[in-house]
Amino acid sequence: MNPKIKTCSEIKVIGLSSNIKMNEQHKIIALWKQFMPKKHEIENLVSEELIAMQIFSLEQNGDPKEDFEIWACAEVTDFKSIPQNMKSYTIPAGTYALFPQKGMDASLTYQKIMTKWLPASGYVIDNRPHFQVMGEKYKNGSSDSEEDFYVPVKARL
């Protein structure tokens, strides 16, 4: 695993969100099924790329709590026009480890990032959203699918 380390400016997104627990992956699919027919209502899209975002609350020891917030969203230029029943969020600027993901086994990739790459990297997880960018090479359900994982990091002290 050899990620690019990238400093990102803040990213404004509009979309739908839901709270889930670690074992409720079916809710992710339901959220996207709700979002996709409404995506055309977002007027100020930066691109056609989609963003899947996860916002984790951390325990005092730094581990993620069992429940977290998921988003199905897209990047926008501003928040002047937010469709009814959608929400806005600003992903803070910061450093991210960018991992290309091929295929549909995102959980295995994420597990490798956390258990193999992270401990040897010189970085720790920063308390900002994690997100995936799904562009033109993303093919839902296909082993040929490609997306990019953005993992928030900061230098280990």
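The values are calculated or read from the model by the stated rules, or taken from the named source; none is laboratory data. Everything numeric in this text was worked out from a predicted model, so none of it was measured. Glycine also receives a Cβ, built like all others from the backbone with ideal geometry; neighbour counts cover every protein chain displayed. Just so you know, the surface numbers come from the protein's heavy atoms only, side chains and all, with ligands and any DNA or RNA stripped out. Shrake-Rupley method; radii C 1.70, N 1.55, O 1.52, S 1.80 Å.
A few notes on this one:
- Accessible area (Å², 1.4 Å probe, nearest 10) - W117: 30
- Furthest towards positive pole of dipole, N44, I70, S57, structure part the stretch 1-80, Cβ charges: N44
- Per-residue ³J(HN,Hα) for the stretch 34-46, Karplus 6.51 cos²θ - 1.76 cosθ + 1.60, θ = phi - 60°, Hz, x for Gly and Pro: 6, 6, 4, x, 9, 4, 5, 6, 7, 7, 10, 5, 6
- Structure remark: mean-square fluctuation, Gaussian network model of the chain, C-alpha springs under 10 Å; the largest value among Q132, Q25, Q101 belongs to Q25.
- The chain - mean residue ellipticity at 222 nm from DSSP helices (-39,500 (n - 2.57) per run, n ≥ 4, rounded to 500): -3500 deg cm²/dmol
- With each label modelled as a point 7 angstrom along the Cα→C-beta vector, the I5-L45 pair spans 3.4 nm.
- Pair-distance distribution of the chain: all C-alpha pairs, bin width 10 Å, starting at 0; shares per bin in whole percent are 10, 39, 39, 12, 1.
- Amide proton proximity set for Y138, modelled H, under 5 Å, gap of 5+: E146
- Distant alpha-carbon pairs in the stretch 1-53 (separation over 16 angstrom), percent: 56
- Partners of K21 within straight-line reach, counting lysines whose Cα lies under 16 Å from its Cα and excluding those fewer than 8 residues away in the same chain: K65.
- Surface accessible to a 1.4 Å probe, E41 within the full protein complex, Å²: 70
- For the residue pairs K33/K116; K80/K112; K116/K139, alpha carbon separations beyond 31 Å are given by K33/K116; K80/K112.
- Hull volume in cubic angstrom per residue (convex hull over the Cα atoms of the stretch 70-122): 133
- What the phi angles of the stretch 140-153 give under the Karplus curve with 6.51, -1.76 and 1.60, with θ = phi - 60°, is a coupling list of 3, x, 9, 6, 8, 5, 9, 8, 10, 8, 10, 10, x, 9 Hz, glycine and proline written as x.
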